Amino acid sequence: MTSSTDTADFRASTRAWLEANCPAEMRQPMTHEDDSVWGGCNAELSAAQKQWLDTMGSCGWTVPTWPKEYGGGGLSHAEAKVLAQEMAALGCRPPLVSFGIWMLGPALLKFGTEAQKLEHLPKIARGEIRWCQGYSEPNAGSDLASLASRAEDRGDHFIVNGQKIWTSYGDKADWIFCLVRTDTAKKHTGISFVLFDMTTPGVSTKPIQLISGKSPFCETFFDNVRVEKSNLVGSLNGGWDVAKYLLTHEREMIGAMGEAALPQSLQQIATAAAGLDEHGRLADPQLRAQIAEFDMDEAAFHATLERFGELAKARQAHPAMSSMLKYYGAELNKRRWELIMSAAGSDALEWASERSGQGGLTRTWLRTKGNSIEGGTSEVQLNVIAKRILELPGA
Ligand SMILES: Cc1cc2nc3c(=O)[nH]c(=O)nc-3n(C[C@H](O)[C@H](O)[C@H](O)COP(=O)(O)OP(=O)(O)OC[C@H]3O[C@@H](n4cnc5c(N)ncnc54)[C@H](O)[C@@H]3O)c2cc1C
């Protein structure tokens, strides 16, 4: 337990440390997707991005609550919250964002062997290896346990064949965490969770173009890919438990987008486009009412996130909590971007120009459509909430 005096001391020393160590460029608002540092062997970083990543990575503050022996900062949840607050107050950018931090890391901490933790977690913490997620397949999305990519047991290794789809950044990732079928006679209990290097012979990716004009997605193909048994996480045919646990972290991460900070507030964007009336209020009353309603819902969501965080710390969290957060946060983020598009007026529709940053707003608005699909669709989250929280009869 951290006392309030300890927290105050920690806050003061953290603020001083951040002021001394965070490069000025890393304290500017993020305006472009390249401002996010995903790490990995092929990352192209500016000098300031690299300096910030190395500085934070070396003291474990890219993953503040992970244990020190696995590259983390060893902070308590209270201290990590102080660090996040101080970073926000000084405008410090996150030094690193990654599927390794959000998804694989927590799953390895719970299910990994000591050797797997020591091998993979420090590289995630320092941003040395970038991971992608091989869950979905052409015939296994919402019904994920229908997946068919096959891993045949060959003694000390598996041979994997099959196809994944919608693999975000599959063409940029160094390694993949992947669900494979190891028993064809069973559904949920015939799945295993494996890790492998994307440069292993037989792995190939093919980008898929999106509505936003970008292509972060891939089809990923496995053709006789050799995977060592030491890269099996959890037990053979026990991968569904690992997969579900990882999904709760993915859903919480996507849900948290519901309170994502923007370089400019909705109010500022709307004021720039619609101007102010004689009372100093946003001139468009309809937009003003919509923004006020959104702000209240966002504040309520923030309070709910705080409450869920406290429940989780007290180990009283409901197992379906991540579905609630995912559902509401994803829908809220979509609403935020609908409002931004209304607020920014016709300027927001510019697609390809220097002035609009090559359609930055429009492309982000289109990208948010995926929030209610990725990590399990909103309909699927509602099914979980209906069944597990409201205890309604299942279909
Ligand atoms: C931006 C984005 C990033 C993604 N990144 C990855 C990734 O990195 N790795 C990965 O493996 N996958 C990824 N995915 C894939 C994602 O997990 C799937 O798209 C998702 O699980 C839905 O599966 P599906 O696309 O096959 O749709 P389907 O399951 O075919 O669903 C189609 C429609 O039917 C509805 N539906 C299906 N079942 C039910 C039901 N039981 N009750 C009510 N409605 C239902 C769905 O809600 C949806 O509207 C990503 C998707 C997006 C959009």
Sparse-neighbourhood loop sites, trypsin sites (Lys or Arg not before Pro) in segment 244-309 - DSSP loop, at most 14 other Cβ within 10 angstrom: Arg281
Rounded, prolate or oblate (a/c below 1.5 giving rounded, otherwise prolate when a/b exceeds b/c) for segment 15-100 by Cα gyration tensor: oblate
CD proxy at 222 nm, helix term only [per DSSP H run n ≥ 4: -39500 (n - 2.57); per residue of the chain; nearest 500]: -13000 deg cm²/dmol
Projected area, mean over directions - segment 164-238, Cα convex hull, nm²: 5.6 nm²
Exposed-loop-free span, longest in the chain, where GluC sites (Glu not before Pro) count as exposed if DSSP calls them loop and at most 12 other C-beta atoms lie within 10 Å: 45-277
Among Ile385, Ile165, Ile176, residue whose mean-square fluctuation peaks in a GNM of the chain (springs only between Cα atoms under 10 Å): Ile385
Whether segment 92-197 is rounded, prolate or oblate, judged on the alpha carbon gyration tensor where a/c under 1.5 counts as rounded: prolate
Segments 268-274, 87-93 sorted - mean Cβ within 10 Å per residue, highest first: 268-274, 87-93
Candidates Gln286, Gln51, Gln209: whichever shows maximal mean-square fluctuation once the chain is modelled as a Gaussian network with Cα springs under 10 Å: Gln286
Surface/4 of the Cα convex hull for segment 179-300, nm²: 12.4 nm²
Relative contact order (percent, whole number), the chain, Cα cutoff 8 Å, 6+ residue spacing: 12 percent
Principal axis dimensions, largest first and in whole angstrom, of the chain by Cα: 77, 47, 47
Above-threshold pairs, the threshold being 31 Å between Cα atoms, out of Lys229/Lys326; Lys244/Lys313; Lys172/Lys244; Lys244/Lys369; Lys123/Lys187: Lys229/Lys326; Lys123/Lys187
Amide hydrogen neighbours beyond the local backbone of Glu137, cut-off 5 Å, H modeled: Ile165
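Read the figures in this text as sums done on the coordinates, not as results from a lab. Being a predicted model, the structure only gives us computed values, none of them experimental. Glycine also receives a Cβ, built like all others from the backbone with ideal geometry; neighbour counts cover every protein chain displayed.
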